[in-house]
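The values are calculated or read from the model by the stated rules, or taken from the named source; none is laboratory data. Bear in mind that the values here come from a model prediction, so they are computed numbers and not experimental data. Because the Cβ atoms are built from the backbone with ideal geometry, glycine has one as well, and the counts that use them run over all protein chains shown.
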Amino acid sequence: MSPDDGSASPGVTATGSHDEVLRTEQQRGAEQSAVWPSSVPVPAPAGTGTAPFTPTGLVVAVDGPGGSGKSTVSREIARRLGLRYLDTGAMYRAITQVALERRIDIEDPSAVAEVAERTVLTVGTDPDRPSIAVDGDNVDEQIRTRAVTNAVSAVAAVSAVRSRLVAQQREIIAESLAAGGIVVEGRDIGSVVAPDAPVKVFLTASTEVRALRRSRQLGEKGVDDVARTLAELDRRDALDSTRTADPLSVPDGAIVLDSSALSVPEVVDEVLRQSQHLLAATP
Ligand SMILES: Nc1ncnc2c1ncn2[C@@H]1O[C@H](COP(=O)(O)OP(=O)(O)O)[C@@H](O)[C@H]1O
Ligand SMILES: Nc1ccn([C@H]2C[C@H](O)[C@@H](COP(=O)(O)OP(=O)(O)O)O2)c(=O)n1
């Protein structure tokens, strides 16, 4: 459900061949670096004239499937509003990486739950330098391997893992409030982790566009690579949306944006535009 006031949705689902979509995406990438950062001003609260807007205690919840642009958009919103940034997917990935490294059967929920219970995650929330460490060792690179990506949905489906990570996520959110607030991205942020967040965003994009973006992000070039990435994304979407524990869903009151045909600055501007009244009401 969208709280939008009825204004036209800017999102248009991309159609056309792989090549057409890829060309548009490549063009967009070039345009993006040319116009970055966008100059749309952050809204000022009502009654303060042109005083710069420094929100305090703001939580922005961003959910959506893989490759919809959550990390990129969340980090930019955090930079623009001077907020912290939390990538909750990185936490599920880190537990998965430990489980794989220890050769734990990821289809065994109690074995996976034990890994989560014994692992200490340290999460850095600077939007310019997000980081994650397992028992003190940085694992930023290890958590992005294909093996972790393809195993993470099984780990994220285990309720005991979720309750442990959700508790830590809420602690990080609570600590960040004194410093102004935080943009949190994942699958269950607006629905479970921070259901009272004043600003909720649900980002989508067609599976084809998401696969092309992810493939490009991984430095892949071939059509076969894109097809494989697309199949893997499809499988992960299905697992993440149909699991019993806190599945991916559109939270009540979320701004729903299809980013298939939008550049990153356009998505960020649109989120800020649609949430202007909510930001202005934040103390
Ligand atoms: N609107 C967009 N247009 C073009 N590329 C995008 C857009 N949003 C994100 N990207 C690119 O797509 C890739 C995946 O984005 P990311 O933010 O990691 O998605 P998510 O966090 O939802 O998985 C990144 O390389 C990012 O730069
Ligand atoms: N709040 C969250 C965040 C991620 N997850 C799960 C589901 C996702 O497939 C994995 C990885 O999330 P991540 O955001 O890193 O994944 P992508 O950027 O989509 O590749 O973790 C989750 O269940 N709940």
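Listed values, structure above:
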{"read-out": "The range 153-171: number of residues that are closer than 13 Å to P109 by Cβ, aliphatic (A, V, I, L, M) and touching a residue at least 60 places away in the same chain (Cβ under 8 Å)", "value": "6"}
{"read-out": "Selection within the range 130-171 - within 16 Å of ligand 1 (Cβ to nearest atom) and not in a helix (DSSP H, G or I)", "value": "P130, S131, I132, D140, E141, T145"}
{"read-out": "Any hit, the range 204-212, residues being hydrophobic (A, V, I, L, M, F, W, C), over 15 Å from the mean Cα position of the chain (by Cα) and within 30 Å of D108 (Cα to Cα)", "value": "yes"}
{"read-out": "Flag if R129 is under 18 Å from the mean Cα position of the chain (by Cα) and either within 12 Å of ligand 2 (Cβ to nearest atom) or crowded, with 18+ Cβ neighbours inside 10 Å (or both)", "value": "no"}
{"read-out": "Flag for V199 being farther than 14 Å from G64 by Cα and either at pLDDT below 95 or away from ligand 1 (no atom under 16 Å from the Cβ) (or both)", "value": "yes"}
{"read-out": "The range 78-99 residues that are farther than 12 Å from V184 by Cα, paired with ones that are in a helix (DSSP H, G or I) and away from ligand 2 (no atom under 16 Å from the Cβ) (beta carbon under 8 Å, 6 or more apart)", "value": "R80/V268; R80/L272; L81/L279; A99/A111"}
{"read-out": "Residue satisfying all of: in the range 83-102; small (G, A, S) and under 11 Å from T149 (Cα atoms); farthest from the chain's Cα centre (by Cα) among these", "value": "A94"}
